[in-house]
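The values are calculated or read from the model by the stated rules, or taken from the named source; none is laboratory data. Everything numeric here is computed off the predicted structure, so don't read it as measured data. Quick reminder, even Gly has a Cβ in these numbers, built from the backbone with ideal geometry, and neighbours come from all protein chains shown. These area figures cover heavy atoms from the full protein model, side chains too; ligands, DNA and RNA do not enter into them. Shrake-Rupley method; radii C 1.70, N 1.55, O 1.52, S 1.80 Å.
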Amino acid sequence: MVEITKDILFAKSVLDEGNIVAIPTETVFGLAANGTSVQALKKIFRVIGRPIIYPLILHFGDFNSITPFVNGITTDVEQLANAFWPGPLTLLLPRSKKVPDIVTAGSNRVAVRIPNHSMTIALLKSLDYPLAAPSANPSGYISPTKPQHVEKQLGQSIPLILDGGSCKSGIESTILGWENGIPTIYRTGVITSDMIAKVLGKAPEFNKKSDVLEAPGMMSSHYAPKTKTLVTDDIPTLYDKHKNEDIGLITFQQNTGLKIKKEIVLSSKASLEEMAEKLYAAMHLLDGMDLDVIIIEKAPDEGIGRAINDRLERSSFKK
Ligand code: TXA
Ligand code: MG
């Protein structure tokens, strides 16, 4: 049985023994192991059924501990670190020899970030290695934003969940790298392209799908509930098609008043931050209700809404 605890020293001892621990971050829960131990890292891939060809993010407690793991810190990196770390931004940087191949799936770049969660920062500062961690979900499923989500999906296969409460940002970090010196967004998140442009004095580009190695968060089907999920900006039409089924509905701002088994409004004050924070928990809840279909209203396609719609599109994609 998995133990759910706030005891950071206990988490440290489990990690020091080469075992895995679910850790809270401001984005989603991660499934963490010693980022320098190949044996410990293999456990992560095994437990969530993640193909070994997909790289992992290394998490650090402060900026200075990152430098031995990367080759070269540019001005761009310093500026972004000052502006957004600790926070939901992951940077792809040239890796040093200290990073095991399994972390980067052989790539010469390593993904690094400092998560903005006091408990996890305290844990990271107590360790003499970084933590590699994917989101703590079975590969392809919705990311967890509460300890209970991790417990439900992975409770049988991991020893410990560090209970840091609910995740405040609610969707995975923005991933940024450089292509021939040009800042490039690989995964959208709550740190938006505009926010990055302001800091760097130049607008980042968006990575075009075709020219990257297909990473899990970038695959067409991902973040997906088991229940059939449909995403729309026209609820009445979709409702009409499915009105004889058990529907779960997630809307952005307003209750529809339609006859529906379960309806969840994410942000009555129409805040995209709040929508991002609450989206996955709503999806987890509906996916546990044995419904025929989950219908989710799209976000306005701007700022954080762009990141939300990216996740929604992948969650509803079926081959
Ligand atoms: O907010 C987050 O980023 C959360 C928390 C736990 O930090 N983590 C997370 O990890 O979402 P994961 O593994 O579910 O998604 C990380 C994404 C994947 O799409 C992975 O392929 C990509 O980052 N990635 C990691 N290292 C990479 C590398 N060296 N090159 C290219 N992509 C990389
Ligand atoms: Mg993930």
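Return the only residue of Ala83, Ala11, Ala32, Ala22 being modelled with pLDDT of 95 or more, over 17 Å from Ala122 (Cβ atoms) and not β-branched (Val, Ile, Thr). The match here is Ala83.
Which ones in segment 13-26 are touching a Lys or Arg at 6+ places or on another chain (Cβ under 6 Å) and within 10 Å of ligand 1 (Cβ to nearest atom)? Across segment 13-26, the qualifying residue is only Glu26. Can you say whether Lys202 is in a loop (DSSP other than H, G, I, E, B), within 16 Å of ligand 1 (Cβ to nearest atom) and of a type in the set (Lys, Arg), as far as the supplied structure shows? The answer is no for Lys202.
Conditions (1) farther than 22 Å from Ile52 by Cα; (2) at pLDDT 95 or above; (3) acidic (Asp, Glu), marked per residue:
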{"residue": "Asn116", "(1), (2), (3)": "yes, yes, no"}
{"residue": "Pro130", "(1), (2), (3)": "no, yes, no"}
{"residue": "Pro144", "(1), (2), (3)": "no, yes, no"}
{"residue": "Gln148", "(1), (2), (3)": "yes, yes, no"}
{"residue": "Glu151", "(1), (2), (3)": "yes, yes, yes"}
{"residue": "Gln156", "(1), (2), (3)": "no, yes, no"}
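The conditions of being within 14 Å of ligand 1 (Cβ to nearest atom), open to solvent by 20 Å² or more (accessible area, probe 1.4 Å), more than 15 Å from Leu131 (Cα to Cα) and of a type in the set (A, V, I, L, M, F, W, C) are not met by Phe10. Exactly one residue out of Phe60, Phe29, Phe69 is within 8 Å of ligand 1 (Cβ to nearest atom) and among the aromatic types (Phe, Trp, Tyr), and it is Phe29. Go through the residues of segment 131-149 one by one and say whether even a single one is under 20 Å from Gly18 (Cβ atoms), in contact with a Pro (Cβ under 7 Å, 6 or more places away or on another chain) and of a type in the set (Val, Ile, Thr). Taking every residue of segment 131-149 in turn, none turns out to be under 20 Å from Gly18 (Cβ atoms), in contact with a Pro (Cβ under 7 Å, 6 or more places away or on another chain) and of a type in the set (Val, Ile, Thr). Residue check: Leu41 meets all listed conditions (1) at pLDDT 95 or above; (2) farther than 25 Å from Ser143 by Cβ; (3) not hydroxyl-bearing (Ser, Thr, Tyr) but one, namely (2).
Can you find even one residue in segment 94-113 that is in contact with an Asp or Glu (Cβ under 8 Å, 6 or more places away or on another chain), within 13 Å of ligand 1 (Cβ to nearest atom) and under 23 Å from Thr36 (Cβ atoms)? No; the residues of segment 94-113 include none that is in contact with an Asp or Glu (Cβ under 8 Å, 6 or more places away or on another chain), within 13 Å of ligand 1 (Cβ to nearest atom) and under 23 Å from Thr36 (Cβ atoms). Just one of the listed residues (Ile142, Ile161) is in the same structural domain as Ile57 (by TED's automatic domain parsing), open to solvent by less than 10 Å² (accessible area, probe 1.4 Å), more than 16 Å from ligand 2 (Cβ to nearest atom) and on the phi < 0 side of the Ramachandran plot, namely Ile161. Going by the structure shown, is Val231 under 20 Å from Pro86 (Cα atoms) and at pLDDT 95 or above? No.
For segment 63-120, a residue qualifies if it is of a type in the set (Val, Ile, Thr), open to solvent by less than 30 Å² (accessible area, probe 1.4 Å) and more than 16 Å from Thr25 (Cα to Cα), and the qualifying residues are Ile66, Val70, Val77, Val99, Ile102, Val103, Thr104, Val110.
For segment 102-139, give me each residue that is within 16 Å of ligand 2 (Cβ to nearest atom) and hydrophobic (A, V, I, L, M, F, W, C). Val103, Ala105, Ala111, Leu131, Ala132, Ala133, Ala136, listed by residue number.
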